[in-house]
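Student: Got a structure for you, written out below as structure tokens; questions coming shortly.
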Amino acid sequence: MIAGKLAQSMGLRRAPTKRLLVIDDDEIQRMHVRGLAQTVGYTVDPAASIAEAQHQMAVCTYDVMVVDLALDGEDGIEVLRAIKAAGQNPEIVVISGSEDRIRDAVVGYGRTIGLSMLGELRKPMQPTQFKAYLSNASQRAVRKAERAAAPDILRPELMRAISDGAIYASYQPQIDLASGLMVGAEALARWQSPIHGSVPPDVFVAAAERHGLERQLTDLILSQALQAAKPWVARCPNFRVAVNVPATVFSKIEFADSVFAMLSWVGLPPANLTLELTESGALGDIAASIDVMCRLRIGGVHLSLDDYGTGFSSLARLRASPVGELKIDRSFVTNMDTDNYSNIIVQATIAMAKKIGMRIVAEGIETKAVADMLAREGADIGQGYLYARPMVAAEIAPRLPASCS
């Protein structure tokens with residue numbers, strides 16, 4: 001509200017439709033982008049230089065910007081700096097005839113300075129690829145709006161939500177890519193607050209870490225997931241339930257004993273549990289973390305490295321950790337059928353994991369084309385909206401295979 005009033009006082013206008021700025025010195029390319037974007041509801045403004053782009057940004061706020069890397073006497077890095085300086089927060093698509101690694105490096109640079117980078121496209125731009133990015137931009141805009149409107153979660157109310165069980169687990173099916181059958185499910189924390197309404201998971205999970213409640217939140221979801229999985233495992237003995245565990249919790253030396261105690265209390269075999277280490281988080285006490293992970297693996301619990309390829313990724317960390325599964329991050333998977341660089345990264349990751357005997361889970365699968373590519377490359381498990389959105393525990397049982405091996 002304050003930002004809106006400030007924008008009005010400065011003479012900025014905000015159109016009710018989605019707005020896109022294309023920054024390219026090629027008039028034909030600008031017309032091409034305009035035509036494609038207008039078919040999916042965007043109002044498009046052109047700019048042939050940084051100066052023109054700065055003028056447009058001074059009078060209008062944009063949802064998406066398309067940035068050419070090679071303008072007349074200027075380059076895309078300068079454009080990204082100008083976008084950052086203007087205080088705009090659009091979704092950005094980089095386009096260029098430059099080699100893949102250059103385009104990808106520019107996308108990485110944009111993210112390091114705090115810009116929201118949708119990705120990159122090679123010129124001549126393929127219409128289906130560009131429209132896929134615009135569709136993704138709309139989804140990300142919704143998540144941005146949720147984060148912007150996210151409440152400031154206080155410690156007492158979060159403690160109450162955890163102790164009362166108001167935070168609960170939803171489950172997203174995991175599918176065997178070879179057979180098409182459901183073989184597991186990931187437990188995902190959800191919270192419908194009586195005060196704030198639906199609170200996005202990244203908001204209350206971050207609040208839990210900020211308030212030192214990540215262990216309590218982990219224990220809550222783990223307990224719910226183990227109890228929910230017991231009847232699923234009774235029908236399908238090899239079914240696995242996966243639970244996310246922050247790196248800070250893995251650093252607690254008593255965590256392994258706590259997990260084994262919960263498994264014993266519920267009566268669930270350790271082999272039916274996968275604990276996913278959030279790969280984007282840095283391990284605290286490395287020695288304690290390896291201690292805990294080794295004990296869990298010796299005891300039969302599976303370990304997975306979540307969001308692989310982002311954050312604190314390194315081959316040294318992979319070698320030091322006794323994980324048996326890699327979960328490839330959705331940022332590489334979702335558009336791997338249209339983004340050659342992402343495709344190459346996914347292929348290389350699968351090949352490496354297979355050579356060292358690891359299971360591969362790919363998250364963020366939204367199309368059959370991507371699922372088929374992953375199956376051909378040798379990925380084991382798929383997860384994403386192509387198969388199902390997260391659901392309550394009662395909806396999992398009807399999806400179990402009629403006969404389980």
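The values are calculated or read from the model by the stated rules, or taken from the named source; none is laboratory data. As the structure is a computational prediction, the values presented were derived from the model and not from experiment. Every residue, glycine as well, gets a Cβ built from its backbone with ideal geometry; the counts of neighbours run over all protein chains shown.
Student: In region 190-199, how many residues are in contact with a strand residue (DSSP E or B) (Cβ under 9 Å, 6 or more places away or on another chain) and surrounded by fewer than 21 Cβ atoms within 10 Å (Cβ to Cβ)? Let's see the steps before the verdict.
Tutor: First pass over region 190-199, keeping only residues in contact with a strand residue (DSSP E or B) (Cβ under 9 Å, 6 or more places away or on another chain): 190-193, 198-199.
Now drop any that are not surrounded by fewer than 21 Cβ atoms within 10 Å (Cβ to Cβ), which leaves 190, 192-193, 198.
Residues flagged as in contact with a strand residue (DSSP E or B) (Cβ under 9 Å, 6 or more places away or on another chain) and surrounded by fewer than 21 Cβ atoms within 10 Å (Cβ to Cβ) within region 190-199 amount to 4.
Student: Let me ask another. Being among the small types (Gly, Ala, Ser), part of a helix (DSSP H, G or I) and more than 19 Å from the chain's Cα centre (by Cα) is the filter here, so list the residues in region 359-386 that pass it.
Tutor: Scanning region 359-386 gives ALA369, ALA375.
Student: Considering only residues of region 92-119 that are at pLDDT 85 or above and among the charged types (D, E, K, R), which is farthest from ILE344 (Cα to Cα)?
Tutor: Within region 92-119, the match that is farthest from ILE344 (Cα to Cα) is ARG111.
Student: Name the residues in region 322-351 that are outside any helix (DSSP H, G or I) and touching a helix residue (DSSP H, G or I) at 6+ places or on another chain (Cβ under 9 Å), would you?
Tutor: PRO322, VAL323, GLY324, GLU325, LEU326, ILE328, THR334, ASN335, MET336, ASP337, THR338, ASP339
Student: If I ask for residues that are surrounded by fewer than 18 Cβ atoms within 10 Å (Cβ to Cβ) and within 17 Å of GLY364 (Cα to Cα), which ones from region 171-187 would you list? Don't jump to the end; show me each part of the working.
Tutor: The first filter runs over region 171-187 and keeps only residues surrounded by fewer than 18 Cβ atoms within 10 Å (Cβ to Cβ), leaving 176, 178-181.
Hits for region 171-187 are ASP176, GLY180.
Student: Hey, could you check region 352-361 for residues that are without any contact (Cβ under 8 Å) to a residue 40 or more places away in the chain and buried (at least 22 other Cβ atoms within 10 Å of the Cβ) and say which is nearest to LEU318 (Cα to Cα)?
Tutor: ALA353
Student: If I ask for residues that are surrounded by fewer than 23 Cβ atoms within 10 Å (Cβ to Cβ), in a helix (DSSP H, G or I) and under 24 Å from the mean Cα position of the chain (by Cα), which ones from region 227-253 would you list?
Tutor: ALA247, THR248 - these are the residues of region 227-253 that are surrounded by fewer than 23 Cβ atoms within 10 Å (Cβ to Cβ), in a helix (DSSP H, G or I) and under 24 Å from the mean Cα position of the chain (by Cα).
Student: Let me ask another. Residue check: is ASP75 under 27 Å from the mean Cα position of the chain (by Cα) and of a type in the set (Asp, Glu)?
Tutor: Criteria not met by ASP75.
Student: Write out, first by first residue and then by second, each pair whose Cβ atoms fall under 7 Å of each other, whose residues are 6+ apart or on separate chains, and whose first residue, in region 213-226, is touching a residue at least 40 places away in the same chain (Cβ under 8 Å) while the second is of a type in the set (Phe, Trp, Tyr).
Tutor: What qualifies is GLN224/TYR168.
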